[in-house]
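Worksheet: the structure to be examined is printed underneath.
The values are calculated or read from the model by the stated rules, or taken from the named source; none is laboratory data. Keep in mind that this is a model prediction, so the values were computed, not measured. Every residue, glycine among them, receives a Cβ derived from its backbone with ideal geometry; neighbour counts consider all protein chains shown.
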Amino acid sequence: MKKTLLTLLSIGLLTGLAFPLTAQNNEQEDPTAPAKGERSKKHADKPEPPNPWTKPNTPPPIEPGNATKVSCPDPLTNHTSSTLKLDNTKESFSIYIPVGFDPKETYGVVVFIPGPNDRGTCPGQWFTVLNDRKLICISPYGAGNKEMLGRRYALALTSAELAKKYFKIDPKRIYVAGYSGGARVAGMLALNYPEVFKGTIQSCGADFYKPVPRVAVTDEEVAKGADYGGCQAGHPEEAKANVRFVFITGPGDFRNHFIKDIYNGGYKPSGFKALLIDVPDMRHNICNTESFGKAIDFIETGKLPE
């Protein structure tokens, strides 16, 4: 009898509101990563700089080539179908503007959802690709694994809205990326808001809305992560037609087998425009420059890497 990786989880996840994708119950920490106490000490002695974005109805005063933490002084309109309404003026975002930025030109945007780390961050290893492809990166603070799924959705949608309000953005080049639990949220966002997000870059995290055959995942892995891999998809057919999904993993990623089964048994046979990038030396971390570049190439051209 063929084993199946069950993907319909708790009622909290299915509602999209009450179920937190936390490091404790869904996303383990990378066992090779520094301890939480060690990470927090790095930031403990650094005072928070003041918010540079204080003038209403103006773009954020950010120097191109630098990721800067800001809070928007203007209230933004919440997405009409978002289940959680945010006061965005009380939220913070890390924004990276590419080198050579010209406000008269049109850009794309990558919304990055963090994983175990709650701090918004635009991955530094992606900057050269962002510069070359004319892509702005926005990452919300307070959107890590400990947060409720509804809040993470709302912060991602607000990030996209912020980009459209203050920059000249091509609506066909709004993408969502994430790491670990953030990668899972990125995929869910595309399945539920395909009118907003046209591509995903998912480092070490994936879900599908139907059961998939269990081929690579071992019995031991199921015992450790039996509730992994399922989500609600509000608009799967629209996502299938309009979104390109990229999954990036490697043999050192403890979710590698799950992601492979979800891709090979879910997205690929169901006709989604999807790509799996299996990086030989990758562990459970954010993808490198080369993999990110291949992901953007596939999303923007539809061509598979050679």
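Overview of results
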| read-out | value |
| --- | --- |
| Failed condition for ILE169, given (1) surrounded by 21 or more Cβ atoms within 10 Å (Cβ to Cβ); (2) touching a Ser or Thr at 6+ places or on another chain (Cβ under 8 Å); (3) of a type in the set (A, V, I, L, M) | (1) |
| Residues located in the range 211-223, provided they are in contact (Cβ under 8 Å) with a residue 12 or more places away in the chain and either assigned to a helix (DSSP H, G or I) or surrounded by 13 or more Cβ atoms within 10 Å (Cβ to Cβ) (or both) | PRO211, VAL212, PRO213, ARG214, VAL215, ALA216, VAL217, GLU221, VAL222 |
| From the options SER40, SER71, residue that is of a type in the set (Gly, Ala, Ser) and modelled with pLDDT under 50 | SER40 |
| Failed condition for PRO305, given (1) at pLDDT 95 or above; (2) surrounded by fewer than 23 Cβ atoms within 10 Å (Cβ to Cβ) | (1) |
| Residues within the range 252-273 that are assigned to a loop (DSSP other than H, G, I, E, B) and touching a Phe, Trp or Tyr at 6+ places or on another chain (Cβ under 9 Å), tallied | 3 |
| Close pairs (8 angstrom Cβ cut-off, 6 or more residues apart or separate chains): within 17 Å of VAL110 (Cα to Cα) in the range 55-73, of a type in the set (S, T, N, Q) and in a loop (DSSP other than H, G, I, E, B) anywhere | ALA67/THR121; LYS69/ASN51; LYS69/SER92; VAL70/ASN51; VAL70/SER92 |
| Filter result (among the aliphatic types (A, V, I, L, M) and over 19 Å from GLY187 (Cα atoms)) within the range 269-284 | VAL279, MET282 |
| Where GLY182 falls short, out of the listed (1) in a helix (DSSP H, G or I); (2) surrounded by fewer than 17 Cβ atoms within 10 Å (Cβ to Cβ) | (2) |
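One line per residue, one yes/no per condition, for (1) among the polar types (S, T, N, Q); (2) in contact with a helix residue (DSSP H, G or I) (Cβ under 7 Å, 6 or more places away or on another chain); (3) part of a loop (DSSP other than H, G, I, E, B):
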| residue | (1), (2), (3) |
| --- | --- |
| TYR228 | no, yes, yes |
| ALA233 | no, yes, yes |
| ALA239 | no, yes, no |
| PHE245 | no, yes, no |
| LEU275 | no, yes, no |
| ILE299 | no, no, no |
